[in-house]
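The values are calculated or read from the model by the stated rules, or taken from the named source; none is laboratory data. Remember, predicted model here, so these are calculated numbers, not experimental data. As a convention, Cβ positions derive from the backbone with ideal geometry for all residues, glycine included, and neighbour counts pool all protein chains shown.
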Amino acid sequence: MKHTYQIDEYGEAFNEIDLYLIPPQEMAEETGTDWTCEGEGETHVYTFGCVGSGTPERGYFSRHLFLGAVPADVVADSLEEWLVEHEEALAGLAGLYKGTIWNGSNWIGQWDCEDTMRDGIDPRQAVADGEIARYWDACDFLQHDTDDALMEAIDDAGSVDDLASDIVDHAKAENVYLCETDVAEYLDEVRQRCERCQECGGEGSLPPDPDDPNDHPHNTGITCHACGGSGQSE
């Protein structure tokens, strides 16, 4: 069986993404290619995300098969690997497609044994069982590292981006997946917090900021937001 998997990274755009299977007949019609009933056609699985409720048109009319939903923060490569591992079962699902019938308004897809044909294909459970990986939040992964330790690591690495790349690589070696952009943004927040705290000179307060309308000139001690007035970064 030839197969293609269109697995996209959705990030925080949606809470969940849906998986749909396109049987060979439908794939042939959409791409203008030939197919056979011997299972040599192409089976395609794609992801679908939508703000609010929504279904692809051919999914709504049963011409594409809904396989299930997964959280939007799954790792695309991990999801694709899981699909490849279940290639035989997916081919079996595709083989249950019998074409379409006209209902007077639309062409509706017809399947054999529709109630049981998804047995063994449960992507949501696969995520729960750890078979499909999800991205960690950078804050959760780095929460036990102090700001001072991270600042030292940034200096050693040469830049925030270099350290973020190193952290992502080391985490992946332990089967922990992080988004490099997320890690870099977290490290940059730490850097800015530490630099801001240094401005208070360890006194826990800052002089009024003339560019900040909330800082009034007659105030002589504005609490340092970075250290909370303690004179030390977190």
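Among the residues of the stretch 108-122, are any at positive phi and either charged (D, E, K, R) or modelled with pLDDT under 90 (or both)?
Scanning the stretch 108-122, I find at least one residue that is at positive phi and either charged (D, E, K, R) or modelled with pLDDT under 90 (or both), so the answer is yes.
Please go through the stretch 58-113 and give me each residue that is under 14 Å from residue 45 (Cα atoms), touching a Lys or Arg at 6+ places or on another chain (Cβ under 7 Å) and not aliphatic (A, V, I, L, M), ordered by number.
64, 68
Test of understanding: among 112, 129, which residue is surrounded by fewer than 17 Cβ atoms within 10 Å (Cβ to Cβ) and either touching a His at 6+ places or on another chain (Cβ under 9 Å) or closer than 30 Å to residue 167 by Cα (or both)?
129
Are any of the residues in the stretch 94-102 modelled with pLDDT of 85 or more, under 26 Å from the mean Cα position of the chain (by Cα) and of a type in the set (D, E, K, R)?
Checked against the condition, which is being modelled with pLDDT of 85 or more, under 26 Å from the mean Cα position of the chain (by Cα) and of a type in the set (D, E, K, R), the stretch 94-102 yields no hits at all.
Quick test for you: out of 148, 140, 112, pick the one residue that is outside the structural domain of residue 28 (by TED's automatic domain parsing) and farther than 20 Å from residue 169 by Cα.
148
Could you please find all residues in the stretch 138-169 being among the acidic types (Asp, Glu) and out of contact with any Cys (no Cβ under 9 Å at 6 or more places or on another chain)?
Those that are among the acidic types (Asp, Glu) and out of contact with any Cys (no Cβ under 9 Å at 6 or more places or on another chain): 140, 145, 152, 155, 156, 161, 162, 166, 169.
Only one residue in 32, 52, 39 is surrounded by fewer than 16 Cβ atoms within 10 Å (Cβ to Cβ), modelled with pLDDT under 85 and closer than 29 Å to residue 135 by Cα. Which one?
Result: 52 is the single residue among 32, 52, 39 that is surrounded by fewer than 16 Cβ atoms within 10 Å (Cβ to Cβ), modelled with pLDDT under 85 and closer than 29 Å to residue 135 by Cα.
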